[in-house]
């Protein structure tokens, strides 16, 4: 025969290449060329490549070598330089689905269009894999209509509605609901590895829909699914989606060699529903975004809102509301001393000695806070920043991005006020390049006491 196919994965030794070198010495008995197809050529050993190099460099006029591989980077440069390279791209989903439809019609196999589309997507650009998957599904459901649900059952895949339900439970922080959903898939015999891959693809579609204007062209799905996906995309921000994709991508790599796949998936779901249990930067950012969203959803007390409430409550209620808003308890308004609300006591503003004390106790304050705030204020110092105000100086840009948020500084201010009984304000800045963090700040009075000489201060 003039066409010889060799599997380099099984015949990768020097002796196998020597047999080829002996065969190429003889011209073909029929035809003009003798073709050698070496599949998975990257599996050849270094000695085999060296043995083949001379023949590739000066081949006979009637010999053609076809080297097929999926990992070109493993082929020595000396071999690549003596070959013409042709890169074959993945086949599109539309082309694969059209070919499957053509074969199904030719063989008179009833199959849904949605089922063919999913098979084409699962093939990942390979026509051979698509045909193999179609053969498996037809063998299981021969003589009946091959539906989308039948394909999911044969391949062990999960419908997109399950992903939608799982995402909603994750965003709601329902850990029990997520684990129950996973348990249902295990009972149904679904392939957990395929479930993780499909869920990553589902999250990818959500991320593209939020970040791309012409996402409809890139997603390749029906209008009904696209409408449902738009509704779900409004429920989550892009940073959270990227965290979800990162966690499940790491999980997908771990599942290849794991014996307890279900346990690993459950741990990943707990990470998503309980970000406070994970001390990394992504989980902290997610928690801060959730806190800010809750603050924005809280209605603010405005004069218009107070007037509406007073109108609903009547004159008596309005008077009581106005008096409360003015900081006067109902008992005080009537001249009594036994009101229901105690009088509000103003907290004294922090003076210079109070600020110095807080600066000295800064390390202890951060340690007492703990939780997610503590890592963000690592390697920070306090410096005076005006009347009753301190500035937190950050050395890390990542920590500054978290610690400089108004919600974080506000929480820290409330803690200090409760601990020291003084009112103060906090600001934040990032350390400049070359700035020393161990600077000692002293007041004018402290400086005069330290030097014991007359000092003149210029404006």
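Three semi-axes describe the equivalent ellipsoid of segment 160-273; taken as square roots of 5 times the Cα gyration tensor eigenvalues and ordered largest first, they are 24, 14, 14 Å.
Normalised Debye scattering of segment 93-155 at q = 0.13, 0.18, 0.21 Å⁻¹ gives log10 I(q)/I(0) of -0.26, -0.51, -0.71, counting only Cα atoms as equal scatterers and leaving out solvent. Summarising the label geometry, the points placed 7 Å from Cα in the beta-carbon direction at residue 423 and residue 258 lie 5.3 nm from one another. In terms of packing, defined here as the mean over residues of other Cβ atoms within 10 angstrom, the peptides 249-258, 114-123 line up highest first as 114-123, 249-258. Above 27 Å, the calculated P(r) of segment 5-156 contains 46 percent of its Cα-Cα pairs. Please give the FRET efficiency for residue 18 paired with residue 113, using the beta carbon to beta carbon distance and R0 = 51 Å, rounded to the nearest 0.05. Efficiency computed from Cβ-Cβ geometry: 0.45.
Evaluated on segment 3-80, the Kirkwood hydrodynamic radius is 12.7 Å, with distances taken between all distinct Cα atoms. With the simple model of a label 7 Å out from the Cα in the direction of the Cβ, residue 249 to residue 388 spans 4.9 nm. Cβ crowding within 10 Å, taken as a proxy for footprinting-reagent exposure, orders 46, 407, 380, 175 from fewest neighbours to most as 46, 407, 175, 380. Over all alpha-carbon pairs in segment 156-218, figure out the percentage whose distance exceeds 18 Å. Across segment 156-218, Cα pairs with separations above 18 Å total 41 percent. Once the Cβ-Cβ distance of residue 411 and residue 267 is raised to the sixth power relative to R0 = 35 Å, the FRET efficiency obtained is 0.75. Note on residue 226 and residue 274: their simple-model spin labels are 4.1 nm apart, each label 7 Å out from Cα toward Cβ. Within the P(r) computed for segment 60-118, what percentage of the Cα pairs occupies the region above 20 Å? Within segment 60-118, distances greater than 20 Å cover 54 percent of Cα pairs. The calculated FRET efficiency for the pair residue 347 and residue 172, based on their C-beta separation and a Förster distance of 30 Å, comes to about 0.20. Descending by average beta-carbon neighbour count within 10 Å, the peptides 190-199, 82-91 line up as 190-199, 82-91, the highest first.
Throughout, read-outs are computed from the coordinates displayed, never taken from laboratory work. Being a predicted model, the structure only gives us computed values, none of them experimental. Quick reminder, even Gly has a Cβ in these numbers, built from the backbone with ideal geometry, and neighbours come from all protein chains shown.
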